[in-house]
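Chemist: Dropping a structure here in structure tokens format, bear with me for questions.
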Amino acid sequence: MNRYSSWEYILILFLIGLGLLFALPNIYGKDPSLQVSAARSVEITELTEYQISAALDEAGLSYKNIVLGVGNLTIRFDDEETQLKAQPIVKESLGRNYVVALNLAPATPDWLSKFGAEPMSLGLDLRGGVHFLMEVDMDAAVDKAEERYISELRSFLRENKVRYKTITRNKPNGLLIRFKDDNERNNGQSLIEKNLLDLNAIAPDANETKFALIITIKDEVLLETRRLALQQNITTLRKRVNELGVAEPVIQRQGLKRVVVQLPGVQDTARAKTILGATATLEFRLVDEEHEPQEAVNGRIPAGSKLYYERNGQPILLKKQVMLTGDSIINAASGIDTLTGGPDVTITLDGRGAKRMSRGTRDNVGKRLAVVFMEYKMETIEMNGEFVKEKETIEEVINAAVIQEQLGKRFHITGLDSSEEAKNLALLLRAGALAAPIYIIEERTVGPSLGQDNIDKGFDSVAIGFVLVLIFMAIYYKIFGLFADIALGLNLVLIVAMLSLLQATLTLPGIAGIVLTVGMAVDANVLIFERIREEIRNGNSPQASIHSGYAKAFSTIADANITTLIAALMLFSFGTGPIQGFAVTLSLGIISSMFTAIIVTRGLVNFIYGGKNLKKLTI
């Protein structure tokens, strides 16, 4: 009676061993490091590694090692002071084509890394950094959409020879088109309903407005406009955050119009605000085919042209006259060119942009058209002991393709290397500038010393709670209490292992969840042990009491833990940030405590007492 088979013990030991394996990387900690990645279309090679090592050796800064990875490079240091000194030196040696980010690289041994074991991530409140809660002005996004439709309606009605007086905004929402007579209005309404499927065209009462149409954007189109505005802003913010040199930023949507931006390790809030508020735009220019770019590089730039550089570093001459700016782009989507089978990007322009593009390309078929990405930033630099703000403009040719025919509202950009490049280009065209204004409505700065203090206090709270529970269980339940103590220790190991395996972020409320789990984990053992005591008092044999104790207490334990797990899942579903961190550790703690408190302790009891003729239990 009360025996486990060999395979059950093997399964328990396997799961415990797996937990120990994935929890082990947290013992080794992390090394202060610099993570180098490409900001533009450059490659990180052994030459990059050599440049960095030469610059650090010349500056007399020691480092542990330099590891060349896929698309990035990591330099490890012994302490944070050397790491901070090395960052500007590495930046200067590599130039602007690379992002040099402060990071904490796991010091996990290679044999552990081969199993995919990595230490858990720490949240902003434990690591230090800047937290922004930003809100997108959705009304402005809708206003922008309505302005585009005004331009499109004017072009559309003129092309179809429908005479109208004015097209204006109709507050609080929608557009108002006034016509010369009732016949023109009916023609206009019919054409709009058949061709402009995103719009509703309603004729108001004659008493209100004579010979007019009220144009509103359909609800599903408005919803999509708001969704795209939020998504484009998130894409733009991601690109801008890269300029801060943050290795593991968190940029995620919160609700229908808010974005959370967390920048671990960044303490300069003012600079973060400046970068996030930078403006960007796009320009379409004809390529100067008559002159050699190399002559311009040597200083002889032809009149009417300007020297630019492509993403691969090659010089290219473009006409000074701008054919079109990115403000006219309504949408951009990647796809496959039906003629060549290669990747392409489909651009959609507003009415005014379509006219300009049509005029600009009509006489230039066969020539190349370049897309120039321009970004305007404000940098704070130290000059003569004082900090001054300096404006910086980044100009980069992201594509230059041959004009195959006269272009209009929709056209394709071809000549791209891969589908991935086409997707990136479409995102860049959509996210060149913020789709709608965005405002910072909440900001928090957590210093690294405060983060370390939070870690220390959190560790102390877990340790004190853990030790007190161990002492109580050992004194009150004797040998069975020791079984519960072993299970409790394994429970903590498994929680850490699952956090590491899932790469979940541990936050200060998450530590609170672990402390709560420590107390709750022994609840199951208390119920089981008290049931065993009760069975013994009723005159049952020790073996029968053990069997009944575990069997009869199980339903109560399951009920209590399942209801707590449901509450934790609700917290995770509807909560944000810190609340989710608490819910994650609480949920993982419940799952692991069910395993350790019921299965592991039963295994220990069966191993010690199973199959023996017992006269008495030490409980």
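The values are calculated or read from the model by the stated rules, or taken from the named source; none is laboratory data. The shown structure was predicted, so the numbers you read here are calculated from the model rather than taken from an experiment. Here the Cβ is made from the backbone with ideal geometry for all residues, glycine too, and neighbour counts use every protein chain on show.
Chemist: So is Ala201 touching a Lys or Arg at 6+ places or on another chain (Cβ under 7 Å) and closer than 20 Å to Asp219 by Cβ or not?
Modeler: The answer is no for Ala201.
Chemist: Can you list the strands (runs of 3 or more DSSP E) found entirely within segment 147-204 that contain at least 3 residues being in contact (Cβ under 8 Å) with a residue 12 or more places away in the chain and crowded, with 18+ Cβ neighbours inside 10 Å?
Modeler: 175-179
Chemist: With the condition kept exactly as written, say whether any residue in segment 224-241 is farther than 30 Å from Arg169 by Cα, at pLDDT below 80 and in a strand (DSSP E or B).
Modeler: no
Chemist: Then there's this: Is it the case, given these coordinates, that Leu468 is of a type outside the set (Lys, Arg), without any contact (Cβ under 8 Å) to a residue 60 or more places away in the chain and surrounded by fewer than 22 Cβ atoms within 10 Å (Cβ to Cβ)?
Modeler: Here the answer is yes, as Leu468 does meet what is asked.
A quick yes/no check of all residues on (1) touching an Asp or Glu at 6+ places or on another chain (Cβ under 6 Å); (2) at pLDDT below 85; (3) over 24 Å from Arg410 (Cβ atoms); (4) among the aliphatic types (A, V, I, L, M):
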position: Ala140; (1), (2), (3), (4): no, yes, yes, yes
position: Glu147; (1), (2), (3), (4): no, yes, no, no
position: Ser151; (1), (2), (3), (4): yes, yes, no, no
position: Thr166; (1), (2), (3), (4): no, no, yes, no
position: Asn170; (1), (2), (3), (4): no, yes, yes, no
position: Gly174; (1), (2), (3), (4): no, yes, yes, no
position: Glu184; (1), (2), (3), (4): no, no, yes, no
position: Gln189; (1), (2), (3), (4): no, no, yes, no
position: Ile192; (1), (2), (3), (4): no, no, no, yes
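Chemist: Identify, from the list Ala560, Ala567, the residue that is out of contact with any Lys or Arg (no Cβ under 9 Å at 6 or more places or on another chain), closer than 25 Å to Leu470 by Cα and among the small types (Gly, Ala, Ser).
Modeler: Testing whether each residue is out of contact with any Lys or Arg (no Cβ under 9 Å at 6 or more places or on another chain), closer than 25 Å to Leu470 by Cα and among the small types (Gly, Ala, Ser) leaves just Ala560.
Chemist: When residues of segment 542-601 are filtered for being in contact (Cβ under 8 Å) with a residue 40 or more places away in the chain and not in a helix (DSSP H, G or I), how many remain?
Modeler: Residues in segment 542-601 being in contact (Cβ under 8 Å) with a residue 40 or more places away in the chain and not in a helix (DSSP H, G or I): 1 in total.
Chemist: Now for a different question. For segment 528-541, give me each residue that is part of a helix (DSSP H, G or I) and closer than 21 Å to Tyr4 by Cβ.
Modeler: Scanning segment 528-541 gives Ile528, Phe529, Arg531, Ile532, Glu535.
Chemist: Go through segment 333-435 and tell me which strands (runs of 3 or more DSSP E), entirely inside it, have 1 or more residues that are modelled with pLDDT under 75 and under 27 Å from Val136 (Cβ atoms).
Modeler: Output list reads 368-383, 386-402.
Chemist: Report whether or not Leu21 is more than 20 Å from Ala107 (Cα to Cα), among the aliphatic types (A, V, I, L, M) and either outside the structural domain of Val100 (by TED's automatic domain parsing) or surrounded by 15 or more Cβ atoms within 10 Å (Cβ to Cβ) (or both).
Modeler: No, not satisfied.
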